[in-house]
1. Which one is nearest to V195 (Cα to Cα) among residues in segment 154-177 that are at pLDDT below 95 and among the polar types (S, T, N, Q)?
2. Taking L149, is it of a type in the set (A, V, I, L, M), touching a residue at least 12 places away in the same chain (Cβ under 8 Å), surrounded by 16 or more Cβ atoms within 10 Å (Cβ to Cβ) and closer than 21 Å to G114 by Cα?
3. Residues that are in contact with a Leu (Cβ under 9 Å, 6 or more places away or on another chain) and under 16 Å from A84 (Cβ atoms): does segment 176-198 have at least one?
4. Filter segment 74-87 down to the residues that are buried (at least 16 other Cβ atoms within 10 Å of the Cβ) and of a type outside the set (G, A, S) and list them by number.
5. What residue, among those in segment 215-232 that are surrounded by fewer than 16 Cβ atoms within 10 Å (Cβ to Cβ) and at pLDDT 90 or above, is farthest from S167 (Cα to Cα)?
6. Taking the criterion of being more than 27 Å from D199 (Cα to Cα), surrounded by 13 or more Cβ atoms within 10 Å (Cβ to Cβ) and of a type in the set (V, I, T), would at least one residue in segment 20-37 satisfy it?
7. Please find, among S93, S107, S145, the residue that is over 15 Å from A55 (Cβ atoms) and part of a helix (DSSP H, G or I).
Amino acid sequence: MAGSVGELYRNFKSTVRECVPEKTWLKMTDLKNFLCGVLETVLEWCNFRVQWFKAGRFAHYQPMPWIGKRSFIKDEYTLGRWEAIRKEIKIKSGSVLDIGCNLGFFSLSLAEMGFYSIGIDMQHEFRVISEYAQKKAGIGNAAFSTMILSPDNISSLPTFDIVIFLSVWHHWIKRFGHERGMEMFRSIWEKTNHVLFIDIKEEALINEMKNICAGGSIKELGNFDKGVKRKGKERILFAVTKDHQTE
């Protein structure tokens, strides 16, 4: 039945094509493409709004200037970290992995600088929002993926010149246990070619990080939690550079 319906449609289209003048056919084709483009834009916007609503308060963790969205929770916090990160990048091009990228602020910002950025997060709605902003901004050298990293698959990741690893490590430890969380971080460090950015507030984890990254140059960039409600100690941002990349 499906084959016969398809054949009928092709015959109908062929008959109409023969009856319609060339200029009229081209105008009809242009109109069809225009209407499809409008429909696609409307559907993308609707999907973006749905995913933004689903993300809830997490949609306000990062500013998204490409689509005119501010972060009512961590605007200055994110921008402060970005300025510190930007100043520590000593290479002009390369690859970036943003683990737990949220809305993709750091991925898109680095892509604008000329890096090829890959942002990964476990929540599907973040990917939709990131890709919507990317398209609006016309940024081609970035990609986003819904991915759950685990001790079983983390070794399959390729190496990257820059790794953004913010507010994730303690979640790995809670989910997979201390030892496996340490091994996952060690794997990320091994896959970093140039510099790794990480924020930590627990003193014990800071010491663990220093032990794992003993072959690198560790620089404390400060904390940027001012105005952000947190329980306990504020997070400290670190830049960990591979020794062969330091000047």
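The values are calculated or read from the model by the stated rules, or taken from the named source; none is laboratory data. None of these values were measured; they are calculated from a predicted model. Here Cβ is always computed from backbone atoms with ideal geometry, including for glycine, and neighbour counts include all displayed protein chains.
1. S167
2. On the way: of a type in the set (A, V, I, L, M): yes; touching a residue at least 12 places away in the same chain (Cβ under 8 Å): yes; surrounded by 16 or more Cβ atoms within 10 Å (Cβ to Cβ): yes; closer than 21 Å to G114 by Cα: no.
When the stated conditions are applied, L149 does not pass them.
3. For segment 176-198, residues in contact with a Leu (Cβ under 9 Å, 6 or more places away or on another chain) and under 16 Å from A84 (Cβ atoms): present.
4. Answer for segment 74-87, where residues must be buried (at least 16 other Cβ atoms within 10 Å of the Cβ) and of a type outside the set (G, A, S): K74, D75, Y77, T78, L79, R81, W82, I85.
5. S217
6. Checked segment 20-37: at least one residue is more than 27 Å from D199 (Cα to Cα), surrounded by 13 or more Cβ atoms within 10 Å (Cβ to Cβ) and of a type in the set (V, I, T).
7. Numbers: S93 fails: part of a helix (DSSP H, G or I); S145 fails: part of a helix (DSSP H, G or I).
When all the criteria are applied, what remains is S107.
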